[in-house]
Amino acid sequence: MDSAKRILHVDMDAFFASVEQLDDPSLRGKPVIVGKGDRGVVSAASYEARVYGVRSAMPVVQARKLCPQGIFVGGRMSRYAEVSRQVMAVLGEFSPLVEQASVDEAYVDITGTRTLFGPPRKLAEALQARVREATGLSCSVGVAPVKFLAKIASDFRKPSGVTIIEPEDVAAFLQDLPVGKIPGVGGKTLPRLAQLGVRTCGEVLRYSRQFWEEHLGEWGRVLHQRAQGLGSAELTPHSEMKSSSAENTFAKDVSDEEELKRWLLRQSERVGRDLRKHGLQGRTVTLKLKFEDFKHITRSRTLAEPIDTDLEIFRTACDLLDQTERRKRIRLIGVGVSNFGGGSAQLSLMPDENRERLKRLDKAVDSIRDRHGRSLIKRGKLFEGDQ
Amino acid sequence: MFVKVTRTDIIEGLQKSANIIPAKTGAAFLRTIWLSAENGALRIMSTDSSLEFVGSYRAEVVEQGLCGVQGRSFFDLVRKLPAGEIQLKLDPTGQTLLVSQAGRNYKLPTSEKSWFQPFAEFPQGEHVMWSGDFLQELIDRVFFCVSDEDTMEAMACMYMRAVEEKVEVCGLNGHQFAMCGFVNDDVRGMLPPEGVLIQKKYVLELKKWLTADEIELAISQKRLFFRTQDQRESFSLPLSYFQYPDYKSFVGKLSTPGVSELQAEKAALSEALDRISIFNTDNNRCTYFQLETPGQLTLQSQGNDTGAATESMEAGFAGELKKIAFPTRDLLEILGHFHSPKVRFTLTGAEGPCGITGEDDADYLVIIMPMKIVEETYYSEEASA
């Protein structure tokens, strides 16, 4: 019996763009780019658009230059989430151990499923067929003994590809694999590796673990392990919500503090609503800023007590904004709450009676919005920005 | 300026001076250490625009003068030089300070002289003598409760004020409060009626400067001054002017009727809490105190992944309270500040302030707020029909 670990990674092909093509037949066969306005970034590009060099995370304005005939559409996250749930349900038919990594990616532990579904390739093909049947979409699949290799494998033959790395083939697979394919090796590490003459995973092993630790610290140890094909094969099924956040990219860079704070208020309302909807409270509030030169920073504050009220999130975010040096104009602003813990909280020496009032206010506003829509009730401060 | 000093005479003062200036960031003039040769002494001065340090050290002054140098480099250089005489000479253009010792010669660029701002002078007239180690101890006993941030419920300041015959020093972080009282008529007489507030970051720097020796203390309208008894070094910091939260509101609750009293051996309790803390998690960082069994205190903690811990110990208890939970690590830290073998917990309720005192810790009170007890149900079964 084959007891070696087998991790399968599923990656939906050009997911957002494919959903758009699925829902609107007139888009099929055409270069579809998800991402609108001149200021945003491309969330997804159909394979027809990729021919022109359009890639995810590219500024929309650059995508327009590369592919002027592209069809640019706004994203529909709720629809993508719906299709994502269908995909995850299909994966659950093949193994109870499914870890959703993002809206369009998941790991499946298929160890010991050979008797049920046959060898990994057969299972992978059956899984692709079921996903297509359930959603009408294609996906690429990689199977390997560990998670990071399975992810590399799923990216190996896109779209609709299947790549299997058997345990005995790991060393050969990695020997000539560009080191940049290893997750985490990117813009900062690659030039340093190039200086050392390291371009492939095989070349990483020319140096000892100690050497890498000295040069790259803890990450050096991980890199050395990954170049040998060692990594985690443990899955965390049903990963729970770890944070809630909202962000906006501006149509025009902003430096006006009042305007930035109005955006923070809108975003704090969205995050607060999301937390309350999921019954969560978080202790850490994070402010995210992207400047006009595309540099981005985050500033976080961990509070003594977990919060979920709009105004508490907003006030903390404003404090963080006030304490942040802003010499350049802002391109994007966002706020998030994390560090959830249903556990116990220490009581306050001087309880804030205002907090209970805020909670009641949020509850009332939530209930009005649930019944009559978001736009029916609005904070006075937000009217100023709309004028 | 031309002055001869010995390394031993200036190195300690230079280090204190370098401690104040910003290490890397900040305006160039703040990174400057100022050297002034006058009246048979070398004055070393530095500031971060809030704190000010001035030290005066024996020197052979050949030519009087003033210059500023990049503080960190100057300190590093002197630190690395061997013991012996060091000559500091400003070149005729005033652009470079020549540092020489035996065959070693260094040139340090000097700062713009116009950057020099006079330092606040230790107030002439009224000052009091105080013990440096006593002030250090006071800081130690309340500093851990001083908040990192100013909030509605706490203040990132140490507070000192005169109350009747005593002086009270306090720290408050919203969940914990520490207060140390002492009798010193001179200090009490010098404090303004509203007390003084010292920002947390300045308290830290003051602690670095303090030694066990006697110090002189003076207060001006805006600053607090400390000076060594030999008057060679002085350190001053700005006072803050905010309304300190009214701590009497929760301190008063400890003397209301109906409070429960728990007495336990400090060492045994600390050791038990230390073991129990192993079973705490990020989400559950508390220890439950079960008080139902007479003469016995039972401590408990459990975590989903960490397991469970229960320890019982002898304890004196009087009152109605059955159960209360405290953050384990915070309570351990508090107990570490008591010298008494036995500590007393004055419990005002499961969700009310708890005062901790010790017989041998006169005029020392720490108040900790309990954790809100959340009864979590891990498993539930539907009742059968």
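The values are calculated or read from the model by the stated rules, or taken from the named source; none is laboratory data. Not measured: the values here are computed from a predicted model. Neighbour counts run over all protein chains shown; Cβ positions are idealised from the backbone, glycine included.
Among the residues of region B:147-199, count how many are among the hydrophobic types (A, V, I, L, M, F, W, C) and facing another protein chain (nearest Cβ under 10 Å). Spell out how you get there, then give the answer.
Step one: of region B:147-199, the residues among the hydrophobic types (A, V, I, L, M, F, W, C) are B:152, B:154-158, B:160, B:162-163, B:167, B:169-170, B:172, B:177-180, B:182-183, B:187, B:190-191, B:196-198.
Within this subset, residues satisfying the condition of being facing another protein chain (nearest Cβ under 10 Å) are B:152, B:154, B:172, B:177.
So the count comes out to 4.
Which is of a type in the set (S, T, N, Q), in a strand (DSSP E or B) and under 22 Å from B:Leu224 (Cβ atoms), of B:Ser36, B:Ser50, B:Ser46?
B:Ser46
What are the residues in region A:102-112 that are of a type outside the set (Phe, Trp, Tyr) and in contact (Cβ under 8 Å) with a residue 60 or more places away in the chain, if any? Hits for region A:102-112 are A:Val103, A:Asp104, A:Glu105, A:Ala106, A:Val108, A:Asp109, A:Ile110, A:Thr111, A:Gly112.
In this entry, B:Gly316 is excluded by the filter for residues that are more than 14 Å from chain A (Cβ to nearest Cβ) and at positive phi.
Restricting A:Thr324, A:Thr302, A:Thr298 to those that are among the β-branched types (Val, Ile, Thr) and free of Cβ contacts under 8 Å to residues at least 24 places away in the same chain reduces the list to A:Thr298.
Out of curiosity, is A:Ala194 free of Cβ contacts under 8 Å to residues at least 40 places away in the same chain and touching a helix residue (DSSP H, G or I) at 6+ places or on another chain (Cβ under 7 Å)? Show your work before the answer.
Values: free of Cβ contacts under 8 Å to residues at least 40 places away in the same chain: yes; touching a helix residue (DSSP H, G or I) at 6+ places or on another chain (Cβ under 7 Å): no.
For A:Ala194, the condition - free of Cβ contacts under 8 Å to residues at least 40 places away in the same chain and touching a helix residue (DSSP H, G or I) at 6+ places or on another chain (Cβ under 7 Å) - is not met.
Yes/no per residue for (1) within 14 Å of chain A (Cβ to nearest Cβ); (2) surrounded by fewer than 21 Cβ atoms within 10 Å (Cβ to Cβ); (3) modelled with pLDDT under 95:
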site	(1), (2), (3)
B:Ala309	no, yes, yes
B:Leu321	no, no, yes
B:Gly336	no, yes, no
B:Val343	no, no, no
B:Tyr364	no, no, no
B:Ile368	yes, no, no
B:Ile373	yes, yes, yes
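Scanning region B:350-362 for residues that are in a loop (DSSP other than H, G, I, E, B) and more than 10 Å from chain A (Cβ to nearest Cβ) turns up B:Glu359, B:Asp360, B:Asp361, B:Ala362. Residue selection: B:Leu88 fails the criterion of being in a strand (DSSP E or B) and surrounded by fewer than 17 Cβ atoms within 10 Å (Cβ to Cβ). On the stretch given as region B:280-307, residues that are free of Cβ contacts under 8 Å to residues at least 40 places away in the same chain, surrounded by 19 or more Cβ atoms within 10 Å (Cβ to Cβ) and within 14 Å of chain A (Cβ to nearest Cβ) total 3. Those residues that are assigned to a helix (DSSP H, G or I), among the hydrophobic types (A, V, I, L, M, F, W, C) and either without any contact (Cβ under 8 Å) to a residue 60 or more places away in the chain or outside the structural domain of A:Leu320 (by TED's automatic domain parsing) (or both), I need them from region A:262-290; list them, please. Residues satisfying the conditions do not exist here. Residues that are among the basic types (Lys, Arg) and either within 13 Å of another protein chain (Cβ to nearest Cβ) or within 28 Å of the chain's Cα centre (by Cα) (or both) do occur in region B:323-332, at least one of them.
Put simply, of A:Leu22, A:Leu66 the only residue that is touching a residue at least 12 places away in the same chain (Cβ under 8 Å) and over 25 Å from A:Lys290 (Cα atoms) is A:Leu22. Filtering region A:56-74 to residues that are assigned to a loop (DSSP other than H, G, I, E, B) and either crowded, with 16+ Cβ neighbours inside 10 Å or at positive phi (or both) leaves A:Ser56, A:Ala57, A:Met58, A:Cys67, A:Gly70.
Quick one: in region A:8-50, which of the residues that are surrounded by fewer than 24 Cβ atoms within 10 Å (Cβ to Cβ) and of a type in the set (Asp, Glu) is farthest from the chain's Cα centre (by Cα)? The selected residue is A:Asp24.
Which of the residues that make up region B:210-256 are aromatic (Phe, Trp, Tyr) and modelled with pLDDT under 90? I'd like the intermediate steps shown before the answer.
We begin by selecting, within region B:210-256, every residue aromatic (Phe, Trp, Tyr); these are B:225-226, B:235, B:241-242, B:244, B:247, B:250.
Across region B:210-256, the qualifying residues are B:Tyr241, B:Phe242, B:Tyr244.
Got at least one residue in region B:127-138 being crowded, with 18+ Cβ neighbours inside 10 Å and within 14 Å of another protein chain (Cβ to nearest Cβ)? No: zero hits.
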